[in-house]
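Heads up, the thing below is written out as structure tokens.
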Amino acid sequence: MSTNKRKDVIWRVYVAFFGIVLFGMAVLGKTLHTQVSEGAHWKGMADSLTIFSKTIAPERGNIYSEDGRMLATSLPFFDVRLDLAANGIVKETFAKNIDSLSLCLANFFGDKTQSQYRSELMNARKDKNRYYLLKANLSYTQLKALKTFALLWQGRNKSGLIVIQKNKRIMPFGDLAERTIGYVGAQGDYKVGLEGSFDKELNGVEGQILVQRLAGGTLVPVNGDDDIDPQAGHDIYTTIDINLQDVAENALYKALVSHEADWGTCILMEVKTGKIKAMANLTTNKDGSYSEKFNYALGERTEPGSTFKLASMIALLEDGFININDSIDIEYGEKKYDKQIMHDAEEHGLKKVSIKHAFAISSNVGVSKMVYNNYRGKEKQFYQHLCDLRLNRLTGLEIKGETTPKIKLPAEYSGVSLPWISVGYEQQITPLQMLCFYNIIANNGTAVKPYIVSEFKEFNKTVKTFLPIVEQEKMISDKSMPAVKQLLEAVCIEGTGKELSKDAPYKIAGKTGTTKLIVNGKYEGGYNASFIGYFPADNPQYSCAVMISNPTINGYYGGSVAGPVFREVADKVYATCSSIHLAVNLVKTSDTMNGEKPLIAYGKSAEIEKIYQMLRIPFISNAKSAWVSSNLVNNKIQLTDNEMIDNQVPNVKGMGLKDAIYLLESKGLKVQVSGVGKVNTQSILPGALITKGNIIILTLS
């Protein structure tokens, strides 16, 4: 190579070398400038992208029954993580506590050995893991214990402890009233029942916390002065009686299984207030079991059938067209309207009967004839009666999902609509809407709004109270009301519901319903069986509606399918509600006794005094003993000591069974009982010496 060419190559190499050096120096200079002069700016920008506020969900309020038993609550569960690169963790402190911490974890959880825990923690520390998952889904009790372990007891800054709370909604009574209580979808997009209707009140107010996004997308809480604590939601107290809800669901379940029905609903309501005491809804699953999937009471609009006949009778009575004691020709249960033939549901072989009896046996022919003969050409007048009875309105119950009733307009009537509408076809109403209609009769003509929430509370302090709402008074005239009540009582005395009243210690009033189902536009399907009524009939306290859809075996009539559910619920109410007994038995008070003084033979002093006070009956008591008897002295009731000698058999004649058993067994005797009522005779005479363990037989009258 020539000398010139060599010099040319060397020159080019030098130029390239110096170019690279200059470029490197420029890069280095820019880097230093960025770090020193612009460092704060870019660090702030990075922080703005990685540190931000995160929403913290508040603690959701609880749902309670009327007596304060919990129906739904949120239990906290905790994920425990460790920031093993935290500045507060001193190297020497970590090394000193790692063995003790590993041992505590191994002994407490029992899922790994001490050496396994130690190895995992050491590796996480070595990797500078800032979000190491120590344990997930811990209960509060477990978390509390965990915070006492070596290293962790020093708190977040010195141990890197990070606690993430999660809330899980649970129902302590399982699936009882599940659809009524309801739930909210995981994403908050699906809300039903009370959980959905009062989601805002239950949910509370969200909080804010400052977090930092680490590599890999992990979020770590950052201590911030601007953190906002979430506000817990309100607790909701319902009108539900959990015992009656249990009875309603069990009675409904037994009926559905017995008749292999598709679905059923049972609603129990207080007559005077409109409080919903129980609302059961069950539907069949693919495997043949039953569960709460849909609120049929609110959302299932069906043809009511014979329970609707009550509205027809009220219209006829209000317009003065009938007297229930007049007779009517029910034509052996068959009548032709245009080209359609109407039949009574059951063969009875009757021709002329009283209007009351025609209603009691649920004669389609009898009711339709009265409506057809009196309202043909005056269909608007009949329709207006239905509207006046609020049958075309929503009840307004707080739970979302109520279906609007469909009452056919007169302009839509065909030539046979009037007779068929009169017996409950060609229109659709929900079970709850029909119950509210019957409750008007039970409440002597006053419509009350049904409600299921009684109050909101915050930390056990009432913040809002819901009271009964009277929507309309005097909906039925005084001249018609006695006849209307007689009709409903007749159903349960001489008609299709007479089995319901058999051996009942209280009077029942109501109406059975057996409605054909439409399949492919024709009434060729199964049946809906229903019963709606109230009790005690002579002083109504509760109204109840039962509907069972498509029973396929063991009958399909409303009286035999839905009626027993009503009776079982009513029996439970009668057995457990003390106020209803005073109403049923019409216990005489000092205002109505005309001088008659009821005497209580023997009993506890405090209980006897309470009874007389409740009945507003004056009495005199100078008794000092816990046990007393009542006597009439100068036409005044006087309570006197019933002396009990320790080693002698007491006189328990006239006592209630509970007091007699308590008294005798407290003295060491074994009691056997026959009969019902109060003690009439005792096998060991009063005053006899007691031998502990002896049997004494009480005969009740």
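The values are calculated or read from the model by the stated rules, or taken from the named source; none is laboratory data. All figures in this text were calculated on a predicted structure; none of them were measured in a lab. Here Cβ is always computed from backbone atoms with ideal geometry, including for glycine, and neighbour counts include all displayed protein chains.
Could you list all residues from the range 69-102 that are hydrophobic (A, V, I, L, M, F, W, C) and either without any contact (Cβ under 8 Å) to a residue 12 or more places away in the chain or assigned to a strand (DSSP E or B) (or both)?
Here is the first cut: in the range 69-102, the residues hydrophobic (A, V, I, L, M, F, W, C) are 70-72, 75, 77-78, 80, 82, 84-86, 89-90, 94-95, 98, 101.
Met70, Leu71, Ala72, Leu75, Phe77, Phe78, Val80, Leu82, Ala95 - these are the residues of the range 69-102 that are hydrophobic (A, V, I, L, M, F, W, C) and either without any contact (Cβ under 8 Å) to a residue 12 or more places away in the chain or assigned to a strand (DSSP E or B) (or both).
Can we say Gly668 is in a loop (DSSP other than H, G, I, E, B), at pLDDT below 75 and on the phi > 0 side of the Ramachandran plot? Working first, answer last.
Values: in a loop (DSSP other than H, G, I, E, B): yes; at pLDDT below 75: no; on the phi > 0 side of the Ramachandran plot: yes.
So Gly668 does not fit the description; no.
Quick one: which of Thr273, Thr307, Thr265 is buried (at least 16 other Cβ atoms within 10 Å of the Cβ), in a helix (DSSP H, G or I), out of contact with any Cys (no Cβ under 6 Å at 6 or more places or on another chain) and touching a residue at least 40 places away in the same chain (Cβ under 8 Å)?
On the way: Thr273 fails: in a helix (DSSP H, G or I); Thr265 fails: in a helix (DSSP H, G or I).
Just a single option satisfies the conditions, and that option is Thr307.
Consider only pairs whose beta carbons are under 6 Å apart and that are at least six residues apart or on different chains; among these, list those whose first residue lies in the range 491-518 and is in the same structural domain as Thr576 (by TED's automatic domain parsing) and whose second residue is surrounded by fewer than 16 Cβ atoms within 10 Å (Cβ to Cβ) and among the hydroxyl-bearing types (Ser, Thr, Tyr).
Pairs that qualify, where the first residue is in the same structural domain as Thr576 (by TED's automatic domain parsing) and the partner is surrounded by fewer than 16 Cβ atoms within 10 Å (Cβ to Cβ) and among the hydroxyl-bearing types (Ser, Thr, Tyr), are Lys516/Tyr523.
Would you please name the residue that is farthest from Ile242 (Cα to Cα), looking only at residues in the range 49-68 that are at pLDDT below 80 and part of a loop (DSSP other than H, G, I, E, B)?
Going through the range 49-68, the residues at pLDDT below 80 turn out to be 49-58.
If we keep only those that are part of a loop (DSSP other than H, G, I, E, B) as well, we get 57-58.
Numbers: Ala57: 30, Pro58: 28 Å.
If we take residues in the range 49-68 being at pLDDT below 80 and part of a loop (DSSP other than H, G, I, E, B), then Ala57 is farthest from Ile242 (Cα to Cα).
Just to be sure I understand, how many residues within the range 212-246 are farther than 21 Å from Leu397 by Cβ, modelled with pLDDT of 70 or more and among the hydrophobic types (A, V, I, L, M, F, W, C)?
1
At least 1 residues that are free of Cβ contacts under 8 Å to residues at least 60 places away in the same chain in each: list the strands (runs of 3 or more DSSP E) lying fully within the range 384-483 that qualify.
Working: elements: 453-458, 461-465, 470-472.
Of the strands (runs of 3 or more DSSP E) lying wholly inside the range 384-483, those with at least 1 residues that are free of Cβ contacts under 8 Å to residues at least 60 places away in the same chain span 461-465, 470-472.
For the list (1) of a type in the set (Ser, Thr, Tyr); (2) at pLDDT 80 or above; (3) under 20 Å from Ile608 (Cβ atoms), I need the number of the one condition that Thr681 fails.
(3)
Among the residues of the range 186-206 satisfying the criterion of being surrounded by fewer than 17 Cβ atoms within 10 Å (Cβ to Cβ) and over 16 Å from Glu398 (Cα atoms), which is modelled with the highest pLDDT?
Val205
Please verify whether Ala150 is part of a loop (DSSP other than H, G, I, E, B), in contact (Cβ under 8 Å) with a residue 12 or more places away in the chain and touching a helix residue (DSSP H, G or I) at 6+ places or on another chain (Cβ under 6 Å), treating the condition exactly as stated.
On the way: part of a loop (DSSP other than H, G, I, E, B): yes; in contact (Cβ under 8 Å) with a residue 12 or more places away in the chain: yes; touching a helix residue (DSSP H, G or I) at 6+ places or on another chain (Cβ under 6 Å): yes.
So Ala150 passes the test.
Scan the range 340-364 for residues that are in a loop (DSSP other than H, G, I, E, B) and touching a residue at least 40 places away in the same chain (Cβ under 8 Å) and jot them down.
Keep residues of the range 340-364 that are in a loop (DSSP other than H, G, I, E, B), which gives 344-351, 361-363.
Selection gives Ala345, Glu346, Ile361, Ser362.
Among the residues of the range 126-134, is there at least one that is assigned by TED's automatic domain parsing to the domain that holds Asp83, under 12 Å from Asp79 (Cα atoms), among the polar types (S, T, N, Q) and not in a helix (DSSP H, G or I)?
From the range 126-134, those assigned by TED's automatic domain parsing to the domain that holds Asp83 are 126-134; that's our starting set.
Remaining after also requiring under 12 Å from Asp79 (Cα atoms): 131-134.
After this cut, where a residue has to be among the polar types (S, T, N, Q) as well, the list is none.
No - not one qualifying residue is present in the range 126-134.
Exactly one of (1) touching a helix residue (DSSP H, G or I) at 6+ places or on another chain (Cβ under 9 Å); (2) part of a helix (DSSP H, G or I); (3) not β-branched (Val, Ile, Thr) is unmet by Pro505. Its number?
With (1) touching a helix residue (DSSP H, G or I) at 6+ places or on another chain (Cβ under 9 Å); (2) part of a helix (DSSP H, G or I); (3) not β-branched (Val, Ile, Thr) applied to Pro505, the lone miss is (2).
Take the range 365-383 and flag every residue that is charged (D, E, K, R), closer than 21 Å to Ile324 by Cα and assigned to a helix (DSSP H, G or I).
Step one: filter the range 365-383 for residues charged (D, E, K, R), giving 369, 376, 378-380.
Pick out the ones that are also closer than 21 Å to Ile324 by Cα and you get 369, 376.
Listed by number, the list holds a single entry, Lys369.
Could you please find all residues in the range 109-125 being surrounded by 14 or more Cβ atoms within 10 Å (Cβ to Cβ) and of a type outside the set (Lys, Arg)? Steps first, answer last, please.
Residues of the range 109-125 surrounded by 14 or more Cβ atoms within 10 Å (Cβ to Cβ): 109, 112, 114, 117-118, 120-122, 124-125.
Listed by number, the residues that qualify are Phe109, Gln114, Tyr117, Glu120, Leu121, Met122, Ala124.
Kindly indicate whether any position in the range 282-291 is in the same structural domain as Ala483 (by TED's automatic domain parsing) and assigned to a helix (DSSP H, G or I).
First pass over the range 282-291, keeping only residues in the same structural domain as Ala483 (by TED's automatic domain parsing): 282-291.
With the extra rule that they be assigned to a helix (DSSP H, G or I), the set shrinks to none.
No, there is no match, as no residue in the range 282-291 is in the same structural domain as Ala483 (by TED's automatic domain parsing) and assigned to a helix (DSSP H, G or I).
In the range 534-550, what residues are out of contact with any Gly (no Cβ under 6 Å at 6 or more places or on another chain) and in a strand (DSSP E or B)? I'd like the intermediate steps shown before the answer.
Looking only at the range 534-550, we keep the residues that are out of contact with any Gly (no Cβ under 6 Å at 6 or more places or on another chain), and these are 534-547, 549.
Passing the criteria: Tyr534, Phe535, Tyr542, Ser543, Cys544, Ala545, Val546, Met547, Ser549.
Could you check the range 310-353 and list, in sequence order, the residues that are surrounded by 17 or more Cβ atoms within 10 Å (Cβ to Cβ) and of a type in the set (S, T, N, Q)?
Scanning the range 310-353 gives a single hit, Ser312.
Report, by residue number, each residue of the range 165-185 that is surrounded by 14 or more Cβ atoms within 10 Å (Cβ to Cβ), part of a loop (DSSP other than H, G, I, E, B) and not hydrophobic (A, V, I, L, M, F, W, C).
Gly182
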